[in-house]
Amino acid sequence: MKIMKCRCGQQVYFNNHQCVNCGRQLAFNSDKLEMQAEQQPGTGLPYCLNRTTAVRCNWMPGAGATGYCLSCGLSHTIPSLSNPENFERWRKLELAKRQLIYDLLRLGLPVDATRLRFEFKEDRRTNPNMSDAHVTTGHAVGVITVNAAEADEVFREEMRQAMNEPWRTLVGHLRHESGHYYFHELVDDKNRAECRDLFGDETIDYDTALTRYYDNGPQADWPAQFISAYASAHPAEDWAECWAHYLHIRAVLEVAVETEILDFDQEGSWYKHFVELVLALNEIMRALGLPDAYPFVLTEPVAMKIEFVHRAVTRRND
Ligand SMILES: [Zn+2]
Ligand SMILES: [Zn+2]
Ligand SMILES: [Zn+2]
């Protein structure tokens, strides 16, 4: 995330609505990727229509006439607002989504509202009136579905333990699922062979592979070859996991550079800088008696896959 400042010079943050120093209203401009502040307190700015709903979105309206920002405009289904608990779930889901959209725009990737959409759905586990027993978080042809219950800390922690994951976050889910969509945007005839060398053949039968994973567990050698156990389930999941980690890495490095913890501009050294930084970050967390901030091992095969993701992104922008 970039360091953002109000007109008065006060540092402000990605989710701020108002400057604590001068009282100016703030709104994030997704075209310029910067926070804008009112000319004078009270003069106002264009606001996304969700600024005054439970979402409390702080973005400006996007292109087009909907009145919603680019991010809010991508939500085609939201959890039922007849259940007051969903106000908070919806707010958290949209905040994580704005973070994802920021990631994608920052990398120069297209966010095409005619092809990408989000469905935040409830199931019977949180609302007995819902017809679905289970909503599965996933992606299909540009539609990213998220079980709205993932916005509850307790539900998410129970799922994390049941799935034996080191981590489970909303933004992590969204980054992962966006990877399935961007695979089709970034992998084509020019780089498909290299992609298959690294990740395997993504056309092998998905349902069979996932059934095998859930019945028999991950590949035995997964810690050496994959960023997570789940990545070993199928080449498409390996790509999506590496994609999510690439977005984590770029987000962390942006903060490190913006806050002057790191200073580098060589395109080739970003990965090495990240590894050094997270080792230090994990030590800081341990010093505080907290779990590791980044509980993953970046082996050489994983590094090669994440570097391929980076090349696929930068190739598109060349
Ligand atoms: Zn201010
Ligand atoms: Zn919005
Ligand atoms: Zn996936």
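Could you tell me whether any residue of the range 86-96 is modelled with pLDDT under 95, surrounded by fewer than 16 Cβ atoms within 10 Å (Cβ to Cβ) and on the phi < 0 side of the Ramachandran plot? Within the range 86-96 (the criterion being modelled with pLDDT under 95, surrounded by fewer than 16 Cβ atoms within 10 Å (Cβ to Cβ) and on the phi < 0 side of the Ramachandran plot), the answer is no, since none of the residues qualifies.
Could we say that Leu74 is surrounded by fewer than 18 Cβ atoms within 10 Å (Cβ to Cβ), in the same structural domain as Tyr246 (by TED's automatic domain parsing) and modelled with pLDDT of 90 or more here? It is false that Leu74 is surrounded by fewer than 18 Cβ atoms within 10 Å (Cβ to Cβ), in the same structural domain as Tyr246 (by TED's automatic domain parsing) and modelled with pLDDT of 90 or more.
All conditions in (1) surrounded by fewer than 18 Cβ atoms within 10 Å (Cβ to Cβ); (2) within 20 Å of the chain's Cα centre (by Cα); (3) at pLDDT 90 or above hold for Asp103, with the sole exception of (1). Restricting Ala287, Ala224 to those that are touching a residue at least 40 places away in the same chain (Cβ under 8 Å) and aliphatic (A, V, I, L, M) reduces the list to Ala224.
Matching residues to (1) surrounded by fewer than 21 Cβ atoms within 10 Å (Cβ to Cβ); (2) within 16 Å of ligand 1 (Cβ to nearest atom):
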| site | (1), (2) |
| --- | --- |
| Asn21 | yes, yes |
| Ala27 | no, yes |
| Gln39 | yes, yes |
| Asn50 | no, no |
| Arg56 | yes, no |
| Leu107 | yes, no |
| Arg115 | yes, no |
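Give me a count of the residues in the range 138-177 that are in a loop (DSSP other than H, G, I, E, B) and within 23 Å of Val252 (Cβ to Cβ). Show your work before the answer.
To start, the set of residues in the range 138-177 that are in a loop (DSSP other than H, G, I, E, B) comprises 141-142, 152, 163-169.
Adding the requirement that they be within 23 Å of Val252 (Cβ to Cβ) leaves 165-169.
So the answer is 5.
Only a single criterion out of (1) more than 16 Å from ligand 2 (Cβ to nearest atom); (2) touching a residue at least 24 places away in the same chain (Cβ under 8 Å); (3) under 26 Å from Ala236 (Cβ atoms); (4) surrounded by fewer than 19 Cβ atoms within 10 Å (Cβ to Cβ) is not satisfied by Ala149, namely (4). Here Glu119 fulfils each of the conditions (1) within 13 Å of ligand 2 (Cβ to nearest atom); (2) touching a His at 6+ places or on another chain (Cβ under 9 Å) apart from (1).
The values are calculated or read from the model by the stated rules, or taken from the named source; none is laboratory data. Because the structure is predicted, anything quoted here is derived from the model rather than measured. Don't worry about glycine lacking a Cβ; one is built from the backbone with ideal geometry, like all the others, and counts go over all protein chains shown.
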